[in-house]
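> Below: one structure in structure tokens.
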Amino acid sequence: MNNLPDFPWDKLEPYKERALAHPGGIVDLSVGTPVDPVPQNVQDALVQAANSPGYPFTHGTKALREAAAGWLRRRHGVTVDQRDVLPVIGSKEFVAWLPTYLGARRVVFPELAYPTYDVGARLAGAVATAADSTLALGPERVDLVWVNSPGNPTGRVLPVEHLRKVVAWARERGTVVASDECYIELGWEEEPVSILHPDVCGGSHEGLLAVHSLSKRSNLAGYRAGFVTGDPVLVKRLLETRKHAGMIMPAPVQAAMTAALGDDTHADRQRELYSARRALLRPALKRAGWRVDHSTAGLYFWASNGQSAWDQVAKLSEIGILVAPGEFYGPAGERHIRIAVTATDERIGAAVRRLQ
């Protein structure tokens with residue numbers, strides 16, 4: 001474990017203390033944790049399943065798998081067999097351990113990326129490579145390629161044609177493609193497409209995995225609720241490994257997740273909240289001297305005023321606003337900051353006033 005990097009968020013502590021000292025309190029736009037209530041029907045499902053004395057199923061209940069498959073079909077035009085759905089204890093856990101599950105020796109992820117892709121490669125003892133183009137990878141074997149659309153931190157949406165080329169490249173080489181689609185329901189100026197959509201994969205899920213989370217869609221970050229689906233052979237292999245390792249989602253959380261996936265009304269309402277917060281914060285950032293790049297989907301603004309990332313973090317902390325430095329997501333982010341829109345309406349309003 002000695003090759004693991006320091007936990008990046010610890011570096012933000014001095015800036016957090018400065019922001020906390022602001023007379024109006026901190027506006028925390030750094031981590032992007034949900035702040036709005038868990039939908040009542042989801043809470044009710046959790047409570048009703050509280051008397052669960054027996055061991056839950058690693059594969060999840062059939063009702064949960066059917067709810068996930070129904071959501072993919074209904075909302076994203078993706079058809080999967082419910083047997084090919086596997087619940088996971090939050091998507092971060094799965095991202096961190098997938099290279100180990102696959103026995104991967106070389107893992108590729110975007111140049112600007114969620115840090116856990118790199119951590120997962122290190123945990124597996126694999127070579128980690130940051131690259132946005134397959135042309136830069138050379139002839140060496142690649143076991144796993146991560147794609148992320150909408151992207152974290154940039155909010156960038158990968159076009160269908162780009163995803164199609166990645167899939168074709170990977171299939172020629174026997175490489176697994178894992179698509180992190182945790183923000184797929186949050187398209188704004190562009191509409192994200194799943195790697196399992198027929199327009200991308202040609203109707204075959206061979207060699208493909210799509211990872212989904214309910215943390216942002218349904219405010220279930222505290223429940224640790226996600227799932228993976230795709231290639232039936234890969235999903236079966238992952239299921240067997242997780243059975244051995246005892247990596248099981250608690251039964252009450254499975255029931256809550258089933259309720260969340262079966263209800264689109266709360267997700268649409270939450271989208272409206274985030275849309276309104278984006279509409280307030282974006283022009284305020286622009287007036288204060290920041291430009292916003294990409295950010296056509298997801299829950300973040302990828303912004304820059306031309307200074308170093310840490311100078312921007314410091315500047316905003318002085319007015320009580322905490323954001324994440326772009327370098328957390330790779331060297332290419334050294335002059336950007338990531339700004340979340342997951343704060344309450346009141347806190348977003350406070351940020352807008354301070355920026356003015």
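The values are calculated or read from the model by the stated rules, or taken from the named source; none is laboratory data. Since the model is a prediction, treat every value here as computed from it, not as a measurement. Here the Cβ positions follow ideal geometry from the backbone for every residue, glycine too, while neighbour counts run over all protein chains shown.
> Considering every residue within the range 310-326, establish whether at least one is within 30 Å of V85 (Cβ to Cβ), outside any loop (DSSP other than H, G, I, E, B) and not acidic (D, E).
No, the range 310-326 has no match at all.
> Which of the residues belonging to the range 262-274 are surrounded by 13 or more Cβ atoms within 10 Å (Cβ to Cβ) and of a type outside the set (D, E)?
G262, H266, A267, Q270, R271, L273, Y274
> Looking only at the range 71-91, how many residues end up being under 16 Å from S218 (Cα atoms), in contact with a helix residue (DSSP H, G or I) (Cβ under 7 Å, 6 or more places away or on another chain) and part of a helix (DSSP H, G or I)?
1
> Continuing with the same structure: Only one of (1) surrounded by 14 or more Cβ atoms within 10 Å (Cβ to Cβ); (2) more than 19 Å from the chain's Cα centre (by Cα); (3) assigned to a helix (DSSP H, G or I); (4) not assigned by TED's automatic domain parsing to the domain that holds R73 fails for R278. Which number is that?
(2)
> Same structure, new question: Taking only the range 332-356 into account, find how many residues are without any contact (Cβ under 8 Å) to a residue 40 or more places away in the chain, assigned to a helix (DSSP H, G or I) and over 17 Å from K286 (Cβ atoms).
Adding up the residues that qualify gives 1.
> Any residue in the range 123-138 that's among the hydroxyl-bearing types (S, T, Y): show its pairings with residues that are surrounded by 15 or more Cβ atoms within 10 Å (Cβ to Cβ) at Cβ separation under 6 Å, as long as the two are six or more apart or on different chains.
The qualifying pairs are T129/V108; T134/W169.
> Using the structure shown, decide if D268 is among the acidic types (D, E), in a helix (DSSP H, G or I) and at pLDDT 95 or above.
Yes.
> Which one of these is within 22 Å of the chain's Cα centre (by Cα), assigned to a loop (DSSP other than H, G, I, E, B), surrounded by fewer than 20 Cβ atoms within 10 Å (Cβ to Cβ) and modelled with pLDDT under 95: P5, P37?
Details: P37 fails: modelled with pLDDT under 95.
Unique residue meeting the criteria: P5.
> Further, regarding this structure: Can you say whether L209 is part of a strand (DSSP E or B) and not basic (K, R), as far as the supplied structure shows?
Yes, satisfied.
> Just to be sure, is A303 surrounded by 16 or more Cβ atoms within 10 Å (Cβ to Cβ) and without any contact (Cβ under 8 Å) to a residue 40 or more places away in the chain? Please lay out each step first, then the result.
Details: surrounded by 16 or more Cβ atoms within 10 Å (Cβ to Cβ): yes; without any contact (Cβ under 8 Å) to a residue 40 or more places away in the chain: yes.
Yes: the conditions hold for A303.
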